[in-house]
Amino acid sequence: MERRKKILICGGGIAGPACAWWLTKYGFSVLVAEKASGFRDGGQNVDVKGAGQQVINRMGLTEQIEARNTQECGQKWLDAAGKVVAVFPKGSFGSLTSDFEILRGDFARVLFDATRSTCQYRFDTAVNGIEEIEDGVRATFVDGSTEEFALLICADGLSSSTRDLALAQETRLRYLGAYMAFFKIARRPEDDLWACSVNGIGGTMIHLRPGGPTATTVLITFAAGVPDPQRASTLSQQDMLRRALQGRGTVADRIVSELDSVQDFYFGPMSQVQASTWSKGRLVLLGDAAHCPTPFTGKGTALALVGAYVLAGEIKKCATHTEAFQAYESILRPYAERSQQELSPRLIRFMHVKTRFGISVARLLQRFFGSAPIQVLLKPSAAAQARKIDEDFVLPRY
């Protein structure tokens, strides 16, 4: 594609800046518009797996990512009283912890620092109108200003407002049967470098993970019926969360005691984005806006990185935006759909056990799979791990 006009990327998280990195490398001029008033440091632990690691290597950012590793040692399953049920060290079969564990804000900071001098960032900015013109797209921003761009890349997440301007009818959210909340609480002296997980009665699951010198990150999911957008809830989000945590043990009690001081609170239904097409005219979807798999798959960050790499590469390679968008979707969609298929409402129900009997069975399974003989039997060899990465997704060369 010709490089005369700027490309607009909506979303300054991970997918947007990663795509900006590759586009500027290929000689394009890029504006990243982010609706937040400034760079967002918050967020949960993210892991970079498979082909996502290869993209980071090709960007030359591996050392910067490793330097910000949370140093998480592995995962401990606890009972309601806080006693250890089973231990899964990093690298063991079934462990929550991967080789690349980094806080989302730290990861975004690496990408921001790598692109801030090569592209333009505009914070406190969002698009609320788009119009196709002869050789581009005219974007109207929330302040009333307009600007013309060659392309508009929508990378503003699961609840993308930019996507809804053009592809609302082509997109649906697939609810998986649970709500999720994540935020940070104050780190305590007893907090170490292990992730701690608890199955709570009624289908509540809690994870505490290392969040730096002063913070511990919290991820809570709990089974719930289908949200009804027509019926306003009389409960606030924090009240719903308190109900899900009530009577769930010592870890839950600690979280409830600190909820009032939480600053970076996120709460919402656990949903996947399913879009029948990822582009319309000169607008194209990227990252969670196109194919959010939910954090439970552990694939969202890798998908964002791989998608950014492929989209930028096809824009560079192809003669027209139509050809580029079609090639990008045909290459990436099978990978995204495989990632989404790893989760289903049935699996979510299975994971969020509700009864005391179900929790007892879950603990037996945790002890069984955490035992040394089973770990030796199930842990893949280095060759098998390398083969799995290669089979995950074959990155094109641009």
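The mean sequence distance of close C-alpha pairs (under 8 Å, at least 6 residues apart), as a share of the length of the chain, puts its relative contact order at 23 percent.
Averaged per residue, the chain has 45 square angstrom of accessible surface, using a 1.4 angstrom probe with ligands and nucleic acids left out.
One entry in (i) 145; (ii) 161; (iii) 373 is volume of the Cα convex hull per residue in Å³ calculated from the shown coordinates; its label is (i).
What the pair-distance distribution of region 109-161 shows, using all Cα-Cα distances binned every 10 Å from zero, is 20, 46, 31, 3 percent.
Where the only charges are on Cβ atoms (+1 Lys, Arg; -1 Asp, Glu), what is the dipole of region 211-323 about its Cα centre, to the nearest 20 debye?
Values: 10 positive and 9 negative charges, 59 e Å.
Taking the Cα centre of region 211-323 as origin, the dipole is about 280 debye.
The fraction of all Cα pairs in region 170-226 landing in successive 5 Å bins from 0 to the largest distance is 4, 17, 22, 19, 14, 11, 7, 4, 1, 0, given as whole percents. Within the shell defined by Cβ-Cβ distances under 14 Å, the residues around residue 29 carry a net charge of +4, with Lys and Arg each +1 and Asp and Glu each -1. Computed in the context of the full set of protein chains, the accessible area of the chain at 1.4 Å probe radius has 53% of its extent on carbon or sulfur. Taking Cα centre as origin and charging only the Cβ of basic (Lys, Arg, +1) and acidic (Asp, Glu, -1) residues, the dipole magnitude of the chain rounds to 1040 debye.
Given +1 on the Cβ of Lys and Arg, -1 on the Cβ of Asp and Glu, and no further charges, what dipole in debye does region 1-108 carry about its Cα centre, rounded to the nearest 20? Mind showing how you got there, number by number?
On the way: 14 positive and 11 negative charges, 109 e Å.
Roughly 520 debye for region 1-108.
Working from Cα pairs under 8 Å separated by at least six residues, relative contact order for region 82-179 is 13 percent.
The values are calculated or read from the model by the stated rules, or taken from the named source; none is laboratory data. Please read these numbers as outputs of a predicted model, since none were measured by experiment. Here Cβ is always computed from backbone atoms with ideal geometry, including for glycine, and neighbour counts include all displayed protein chains. Just the protein is used for accessible areas: all its heavy atoms, side chains included, with ligands, DNA and RNA removed. Shrake-Rupley method; radii C 1.70, N 1.55, O 1.52, S 1.80 Å.
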